Amino acid sequence: MRKIAVFVLLVTLAATATIAQETQDEDRMFVLINYVTIKQGMEQAFMATVADHLEWHKSTNDTHYFNSARVITGPRTGQFVWSAGPMTGASLDDYSAFLETDMADWTGRGGMQYVDGVETHIYGTLPGLGNPPPPDHQAAMINLYEIDVEFIELNTFMQSVRQLDALEARVGHDDYYVWTEVVSGDSITKRHYVQWIDGWADMPGPDPVREAELAAAAGGEEAYAELLENLLRGVKTATVHTIQNLPHLSFLPEGQ
């Protein structure tokens with residue numbers, strides 16, 4: 001089982017000048033996400049229209065790829081999740097321009113009649129952190145940990161998260177995960193920890209052996225406890241959504 005402390009204490013990077021500069025100096029990527037609320041009783045019709053629209057992407061030799069998923073736990077339960085990326089800023093500009101054509105086909109197929117609302121978020125990756133999966137990795141589910149942090153504490157969290165991530169790398173990663181920050185669409189004090197899992201049997205749980213390894217890598221129990229305390233101090237809320245991937249409704253490059 002995976003370590004529990006890391007997931008209980010999930011906090012992320014600071015929106016300070018120092019952190020912004022670090023992000024600019026590395027290759028930050030963008031992820032575009034639409035959370036779609038489907039009208040009650042219209043789920044099957046909505047999914048059927050998504051499948052038809054998917055065939056349009058394929059038939060036109062389109063290369064604007066996307067992943068489809070559904071939220072199965074948490075406050076967003078039942079929402080359809082459409083995501084594209086990670087991509088460069090230039091690719092995001094191109095994708096945004098393409099959306100007019102994309103929406104014309106979607107609307108022409110009557111897709112909007114099944115939609116009760118759409119919430120669009122753009123996230124930025126945090127280079128140098130995490131253990132991202134290989135490009136062809138497709139997990140059954142994703143855990144999306146949404147952490148809202150006190151703004152004044154963000155720099156402390158930045159330092160603590162980097163320290164903890166370094167410990168994970170030293171001991172050896174035991175899962176795939178990335179960190180993201182809000183670029184647009186939500187509070188700038190929110191950070192997200194995205195974890196790929198293969199199913200409920202693969203969910204993280206208590207792992208005393210792993211915690212002991214991390215503590216030893218940190219220089220002892222006292223140093224490790226201080227690190228975790230710094231992570232906790234500024235967390236206002238922490239919510240996890242489990243999201244089920246829908247590969248049959250996703251448009252991905254060949255082999256993914």
For the stretch 130-136, in residue order, the Karplus 3J(HN,Hα) values (coefficients 6.51, -1.76, 1.60; θ = phi - 60°; whole Hz; Gly and Pro = x) are x, 9, x, x, x, x, 8
Per the stretch 30-122, sqrt(5λ) over the Cα gyration tensor eigenvalues, sorted largest first, in Å, gives 21, 17, 11
Diffing the stretch 75-85: the Karplus 3J(HN,Hα) column from phi (6.51, -1.76, 1.60, θ = phi - 60°), in whole Hz with x for Gly and Pro, holds x, 8, 3, x, 6, 8, 10, 10, 9, 9, x
For VAL115, other-chain or 5+-apart residues with amide H closer than 5 Å (H placed, Pro excluded) are LYS39
Whole-Å distance linking the alpha carbon centroid of the stretch 100-136 with that of the stretch 175-230 is 26 Å
Given GluC sites (Glu not before Pro), DSSP loops and at most 16 other Cβ atoms within 10 Å, the longest exposed-site-free stretch of the chain is 27-149
Restricting to aspartates and glutamates and to Cα separations under 13 Å from LYS236, and discarding same-chain partners fewer than 8 apart, the set is GLU146, ASP148, GLU150, GLU153
Here FRET efficiency (C-beta to C-beta, ALA169 to ALA225, R₀ 30 Å, nearest 0.05) is 0.90
Counted neighbours (other Cβ, 10 Å), sorted fewest up, put MET47, MET112 in the order MET112, MET47
Ranked output for segments 57-65, 101-109 by mean other Cβ atoms within 10 Å, highest leading, reads 101-109, 57-65
Expected vector for the stretch 56-62, Karplus 3J(HN,Hα) from phi with 6.51, -1.76, 1.60 and θ = phi - 60°, integer Hz, x for Gly and Pro, equals 5, 4, 5, 6, 9, 6, 5
Taking the chain and counting helices only, DSSP H stretches of n ≥ 4 at -39,500 (n - 2.57) each over all residues, the nearest-500 ellipticity at 222 nm comes to -11500 deg cm²/dmol
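Laboratory data are not the source of any read-out in this text; all were calculated from the coordinates shown. Keep in mind that this is a model prediction, so the values were computed, not measured. Every residue, glycine as well, gets a Cβ built from its backbone with ideal geometry; the counts of neighbours run over all protein chains shown.
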